[in-house]
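Report on the following structure.
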Amino acid sequence: MSKTPDDPLIPASPSEDDYVRQVTAAEPPPLLSEDDPFALFADWLKEAGAKEPNDPNAMALATVDEAGLPDVRMVLLKDVDPGGFVFYTNLGSAKGRQLAANPQAALLFHWKSLRRQVRVRGAITPVSDQEADAYFATRARPAQIGAWASAQSRPLPDRLALEKKIAEVGLKFGLGQVARPPHWSGFRLAPQVMEFWRDRPFRLHERLVFRQAAGGWTTERLFP
């Protein structure tokens, strides 16, 4: 015997009103189109700092090599201000060489515990020597010595070679202050576009884009 739509074993199709109620139930208020995307980012980063178990300042950094092939890796955000997003690296590393040749990049912050992400695209400029010196001085001493010892991204014969280099650098500086290596500094990404993404029910996610324009930022919402 065939079943009909009135059969109690067949769930009734939800009405349009039922669907809307499911989508909007218990969801957070919509993102506001604020004038300053940095203020919104600061709020999200603060929330991530309270909820993310590890490295809430971690971000994926995307560059391209000399052949135009995309490259991406995780780095740590060390500062953010109206001028942009700051990170540090060995200038001879793959990302350092790629950014010197093509000073444009993209960043992605993904906070799984918050179900949010922020995408940033823009131009790259080096930080000042004074800024790099000031940050380097705050690093733990083993990290300072490691910055001298590691020829980042270059071939390593074996682990012993790295440990030997670390020991040599440690002996060189002794108990004295470790100066910043000339091959180690930072970059600042000045955003041209920032997109804020937030999870919503049924993959109807919220996307709010800020674009740099003459005199300020413009905002636009995108379909999920």
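Computed from the coordinates by the stated procedures, all read-outs in this text should not be read as laboratory data. Treat the numbers as computed from the prediction; the structure is a model and nothing was measured. Because the Cβ atoms are built from the backbone with ideal geometry, glycine has one as well, and the counts that use them run over all protein chains shown.
Shown is the FRET efficiency for residue 212 and residue 60, computed with R0 = 22 Å from the Cβ-Cβ distance and rounded to the nearest 0.05: 0.55. In plain terms, if you count all Cα to Cα distances in segment 138-224 and split them into 10 Å steps from zero, the share in each step is 13, 26, 15, 15, 23, 8 percent. A convex hull fitted to the Cα coordinates of segment 138-179 yields 70 cubic angstrom per residue. For the peptides 145-151, 54-60, residues were scored by their other Cβ atoms within 10 Å and the scores averaged per peptide; the highest-first order is 145-151, 54-60. Note on segment 156-197: Cα convex hull, mean projected area over all directions, 6.5 nm². Note on segment 133-170 and segment 40-76: Cα centroid distance 23 Å, given to the nearest whole angstrom.
Across all directions, the average flat footprint of the convex hull enclosing the Cα atoms of segment 49-150 is 7.6 nm².
With a/c under 1.5 counting as rounded, go ahead and sort segment 97-177 into rounded, prolate or oblate using the C-alpha gyration tensor (a ≥ b ≥ c being the square roots of the eigenvalues; past the cut-off, prolate if a/b is larger than b/c, else oblate). Note, shape of segment 97-177 comes out prolate.
Please list, short to long, the whole-number percent of alpha-carbon pairs of segment 62-105 in consecutive 5 angstrom bins beginning at zero. Going out from 0 Å in 5 Å bins, segment 62-105 shows 5, 21, 30, 25, 14, 4, 1 percent. Charges were assigned to the Cβ only: +1 to each Lys and Arg, -1 to each Asp and Glu. The resulting dipole of segment 138-179 about its Cα centre is roughly 80 debye.
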